[in-house]
1. Viscosity 0.692 mPa s, temperature 37 °C: Stokes-Einstein D of the chain from its Kirkwood Cα radius, in µm² per second?
2. Treating only the Cβ atoms of Lys and Arg (+1) and Asp and Glu (-1) as charged, compute the dipole magnitude of the chain about its Cα centre; round to the nearest 20 debye.
3. Which of rounded, prolate or oblate describes the stretch 1-74 when judged by the alpha-carbon gyration tensor and an a/c cut-off of 1.5?
4. Under the 0.36 nm per residue contour assumption, what length would be gained going from the current alpha-carbon distance of K40 and C4 to full extension?
5. What accessible area per residue comes out for the chain, rounded to a whole number of Å², with a 1.4 Å probe?
6. Along the positive direction of the dipole of the chain (beta-carbon charges: Lys, Arg +1; Asp, Glu -1; about the Cα centre), which of I15, G113, C4 reaches farthest?
7. Counting only protein heavy atoms, what percent of the accessible surface of the stretch 7-124 is carbon or sulfur at a 1.4 Å probe?
8. In deg cm²/dmol, rounded to 500, what helix-only [θ] at 222 nm does the chain give when every DSSP H run of at least 4 residues adds -39500 (n - 2.57) and the total is split over its residues?
Amino acid sequence: MKSCIFCNLPEERIIKSYELFNIIRDLYPVTYLHSLVIPKRHVESYFDLYDKELKELSIVLKELKVDLEKTDDKISGFNIGINIGKDAGQTIFHCHIHVIPRRENDTNNPTGGVRGVIPEKKIY
């Protein structure tokens, strides 16, 4: 798709490439080394990925975790997130998976993790 920024990634942004996915660093990172796993095929939602893509995605995520931990030994956790649809906060309508490395004390209270997308539901 001509107008899709993830379909037209400059080579220098790609950290690692697989058969079906590219990995880049997020331009507006939540934490240091925040990365995006992006299908090479233009597809809007995780739910539209083919079985072959889902299988490779599992491998990509595990390898990315190891690579990030080798790059920064302070990483002690991860958040993995996907925004699907405008009401869930998706702003680029090409599927992409956020892999956000976490470190001890990177926030005052990490309890609730991804529940924090709706702040009043984070602490339960």
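The values are calculated or read from the model by the stated rules, or taken from the named source; none is laboratory data. Keep in mind the model is a prediction, meaning the values are calculated, not measured. In this analysis, Cβ positions are derived from the backbone assuming ideal geometry, glycine residues included, and neighbour counts consider all displayed protein chains. Protein only, heavy atoms only, side chains kept; ligands, DNA and RNA dropped before computing areas. Shrake-Rupley method; radii C 1.70, N 1.55, O 1.52, S 1.80 Å.
1. Numbers: Rh = 15.5 Å.
Once the numbers are plugged in, D ends up at 212 µm²/s.
2. Working: 18 positive and 18 negative charges, 30 e Å.
Once rounded to the nearest 20, the dipole reads 140 debye.
3. oblate
4. On the way: separation 36, 0.36 × 36 = 12.96 nm, distance 1.13 nm.
Between K40 and C4, full extension yields an extra 11.8 nm.
5. Values: 8260 Å² over 124 residues.
Using a 1.4 Å probe on heavy atoms only, each residue of the chain averages 67 Å².
6. Farthest towards the positive pole: G113.
7. Details: 4120 of 7710 Å².
Solvent-exposed carbon and sulfur of the stretch 7-124 make up 54 percent of the total.
8. Here the helix-only value at 222 nm equals -6000 deg cm²/dmol.
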